[in-house]
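The values are calculated or read from the model by the stated rules, or taken from the named source; none is laboratory data. Keep in mind it's a predicted model, so treat the numbers as computed, not measured. No Cβ is skipped: glycine too gets one built from the backbone with ideal geometry, and neighbour counts run over all protein chains shown.
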């Protein structure tokens, strides 16, 4: 069972926060930089900024791979969709 505890990523580094989950009743700090935004940023031909938001994918440590789908669902239900556009 996976539960959301906290995530401290914010603009301009939404994807670079500290993610803490509870997995099988134990508090687990996830590895640094484990969050990958499903969003994109780009400039169009006129120099206009474009930001799209998307679901998070998580680089899950080997010992928790069996929970990957549950972890990603938990994160996507509790963290604002990426991308914040801070890197543009």
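Scanning for something touching a strand residue (DSSP E or B) at 6+ places or on another chain (Cβ under 6 Å), exposed (fewer than 12 other Cβ atoms within 10 Å of the Cβ) and not in a helix (DSSP H, G or I), does the range 11-25 turn up at least one residue?
Within the range 11-25, not a single residue is touching a strand residue (DSSP E or B) at 6+ places or on another chain (Cβ under 6 Å), exposed (fewer than 12 other Cβ atoms within 10 Å of the Cβ) and not in a helix (DSSP H, G or I).
Residues of the range 9-33 being on the phi < 0 side of the Ramachandran plot, within 12 Å of the chain's Cα centre (by Cα) and at pLDDT below 95, which ones?
9, 10, 13, 14, 15, 16, 17, 32
Could you list, in sequence order, all residues of the range 49-86 that are outside any strand (DSSP E or B) and over 15 Å from the mean Cα position of the chain (by Cα)?
Correct list: 62, 63, 64, 65, 66, 67.
Report yes if residue 46 is more than 11 Å from the chain's Cα centre (by Cα), without any contact (Cβ under 8 Å) to a residue 24 or more places away in the chain and either more than 15 Å from residue 17 (Cβ to Cβ) or surrounded by 11 or more Cβ atoms within 10 Å (Cβ to Cβ) (or both), otherwise no.
yes
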